[in-house]
Each structure stands twice: as structure tokens, then as C-alpha cells.
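Below you'll find the structure, written out as C-alpha cells, and then a few comments.
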Amino acid sequence: MGLINRFDKKEVFIDPFSRTSIKYVKISPIGEKIINSEKLDEKHFIFSTCIEKLTQGKFNNIFQIVSKTLSGESDFITKEVWTIFLSGYDEKFSNVYYSQDDIIEIILEFKRLTEINQKNFISEIKEYCEEKHKKRLEKKLPKNCDRDWGNWVNEAQQSIMCLSMTTHFTSPEQGKYNSLYIRFGNPIVGDGLKNAKRSQEQKEAYFLNNNISKNPEYELHHIFPLYEAKNINHWILIDKWENMIYINGNTHNFIHAHSRDRMYKINIEKENNNLIISSTRPGNPTNKEVIFNVDVFYNPKNWLKMKQKNDELTNW
């Protein structure tokens, strides 16, 4: 998350995503900023940026899913809904990938059930998990052969706890974390950025200007990420169709997995229209070639606009 810096026995800094022996730790500058800040909203904002980096870009996507499945300020996501429908977001199951829109529709369909049918559905899932867990213990199989319902729900509550400390969400039952609400009306920072949402108009503009159709296995990706927004004006500049590309799940996962490398720079191979997404982190050579009409769909005629927008944002 970037709140603590880690060092080896020679006091050499260890990359946050590296798994190796640690000898020393020190609160990072961003960690000190949270400690020293006297404004709760500012603490929430800083922690939100840390969560976004920890989840490798999924945080704002989760916010979009939750916001589109709630009917108002009094509505909420239960720990069971998070466990069953949201805990596996952005993962493949039996080679099937569920997009953001798929999960939204599934949750809405679940919420259309009567209360008794919702309870019966959850009971069926719980019974299935507990029976599979029992068989695993009897056969002494490895843990990845089952889904322990109790641990699964505990993981959901830990996620709710972390999200409740961000600008976007709250959980009124402190210490229990059985439900997740959107934090309506609270400022993210003191410069006027309030619960900023991604522009549906800009999303549609991407498909219109690039003359492409939607595909459930592809998702729109902000090349320069929204969580880097410094204020409301910066957010608006970032959330433009010229800063988006329509990429497949594998490419999306690669970029988010390397979020620490700040892969915000884009270039083009003019002979084949493939895109090169590269790191803006000093001294880091990470690059990703994105194959035209395979990994990414866009109209090469828009390349100059995309490049100008990318230069504008990376040089902000």
C-alpha cells in the first residue's frame, strides 16, 4: 500500500510487491502524512489512493459496481453479497470471465428476489461450501480444493473494513463490518472533488469515435489512472475517451499487476498499429506490447489525439 517502507539487512529498500527477507521497516512519507493530517477527509483520501494501488486498479471498478447496484443512500451491500458476487471480481472461473457489467446484472438479479429466496440462495451456497470443506478434511486434500464458508466471509469482512476507511465507502457497524454503504455527499478532498464518478458520456464517446462494438471479454482502461487525480479539474482531464483503450482481460491484468511501475506512457508501432505501454517510473524498463485488433480495439486515425492527451497527462 506504500504506508511502510521495507529494507533488507544491508538497509537497501525493498520493492513493495517483492517477497523477500525483511530486516527493517520505516513509516513512509505517505504514512506520515496520514498520521500527521488533522483532517479526516484527507486521511480517507490518502488511504483511498493506497487501496487503489494495493488492489492494482480494482478499487474504482468496485466502486462503480457497488454504486450501480444500490437504490439510494439507505441501500447497502451485505457481507454475503460481497462474499458470493464481489470477492472474485476480475478473475476467471472455469475459463469464464465475468465483466463488470455481468457482475452488476447478477447482483441486481439477486436483489430482485424476495427476502426468503435470497436467504435460501445463501443457505444453499453455505451448505455446498461446508459439505465440500468436510469432504476435504476427511480426504486430507489441500486447502485449494474447497471454499471454507467461514474464512470466505471473514475475508469479505476484512475487505469491507478496509473500504470503509476510504473516501468512497462507510460501514456503520464499527467492529462488525457486515454491510457496506456508499459515503454519499462527503468530500474526497478540500478542493471540491466530491464522489467523482466516471463519465458514461466519455465511455460511449470512445466506442463512437473509434467505431467499435462492445465485447464482454474487453474492458475500458484509463491509460493514465483516475486515482492519480489531484483535484476535480485533473479528474475531468483524465476521464476523457482519448485517455482510454479497450483491452482484453489478460492485458488489463498485466498492467494492473505492474501498477507499481506506473505504466502510464503510450506509443505506437506505426507499421502494424500495435501499442506500446511503458513505465514512467525512473529507471524501470517495463514495457507491454498490445496487439492491434487482438489485445486492443481502437481506431488508428485517433492516434494523434491519444498521444497528445497522454503527453498532457504524463507531463502534468
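The values are calculated or read from the model by the stated rules, or taken from the named source; none is laboratory data. All values reported here derive from a predicted model rather than from experimental measurement. When we count neighbours, we look across all protein chains shown, and the Cβ atoms used for this are built from the backbone with ideal geometry, even at glycine. All accessible areas refer to the heavy atoms of the entire protein, side chains included, with ligands and DNA or RNA removed. Shrake-Rupley method; radii C 1.70, N 1.55, O 1.52, S 1.80 Å.
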- Item | Residue ID - modelled with the lowest pLDDT, chosen from residues in the range 94-121 that are open to solvent by less than 90 Å² (accessible area, probe 1.4 Å) and of a type in the set (D, E, K, R) | 102
- Task: Name every residue in the range 122-147 that is open to solvent by less than 80 Å² (accessible area, probe 1.4 Å) and either more than 27 Å from the chain's Cα centre (by Cα) or at pLDDT below 80 (or both), in order of residue number.
- Result: 123, 133, 136, 141, 142, 145, 146
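Every residue in the range 1-54 that is of a type in the set (A, V, I, L, M, F, W, C), without any contact (Cβ under 8 Å) to a residue 12 or more places away in the chain and in a helix (DSSP H, G or I), please. I'd like the intermediate steps shown before the answer.
Narrowing the range 1-54 to residues of a type in the set (A, V, I, L, M, F, W, C): 1, 3-4, 7, 12-14, 17, 22, 25, 27, 30, 34-35, 40, 45-47, 50-51, 54.
Going one step further and asking which of them are without any contact (Cβ under 8 Å) to a residue 12 or more places away in the chain, we end up with 12-14, 35, 40.
Residues satisfying the conditions are 35, 40.
Given the options 209, 250, name the one that is in contact (Cβ under 8 Å) with a residue 12 or more places away in the chain and in contact with a Phe, Trp or Tyr (Cβ under 7 Å, 6 or more places away or on another chain). Quick ask: steps written out before the conclusion?
Working: 250 fails: in contact with a Phe, Trp or Tyr (Cβ under 7 Å, 6 or more places away or on another chain).
Every option except 209 fails the conditions.
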- Task: Just give me the residues in the range 204-215 being closer than 25 Å to residue 259 by Cα and surrounded by 12 or more Cβ atoms within 10 Å (Cβ to Cβ), in sequence order.
- Result: 206
- Only one of (1) in contact with a Lys or Arg (Cβ under 9 Å, 6 or more places away or on another chain); (2) not in a helix (DSSP H, G or I) is not met by residue 88, so which one is it? (1)
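Just to check your reading of the model, which residue among 74, 37, 67, 87 is open to solvent by 30 Å² or more (accessible area, probe 1.4 Å), farther than 20 Å from residue 153 by Cα and either modelled with pLDDT of 75 or more or not charged (D, E, K, R) (or both)?
On the way: 37 fails: open to solvent by 30 Å² or more (accessible area, probe 1.4 Å); 67 fails: open to solvent by 30 Å² or more (accessible area, probe 1.4 Å); 87 fails: farther than 20 Å from residue 153 by Cα.
Exactly one residue qualifies, and that residue is 74.
Would you tally the residues in the range 218-243 being closer than 18 Å to residue 46 by Cβ and either open to solvent by less than 30 Å² (accessible area, probe 1.4 Å) or among the basic types (Lys, Arg) (or both)? Steps first, answer last, please.
Taking the range 218-243 as the starting set, the residues that turn out to be closer than 18 Å to residue 46 by Cβ are 225-232, 234-235.
Those still in the list that are either open to solvent by less than 30 Å² (accessible area, probe 1.4 Å) or among the basic types (Lys, Arg) (or both) too: 225-226, 229-230, 234-235.
Number satisfying all stated conditions: 6.
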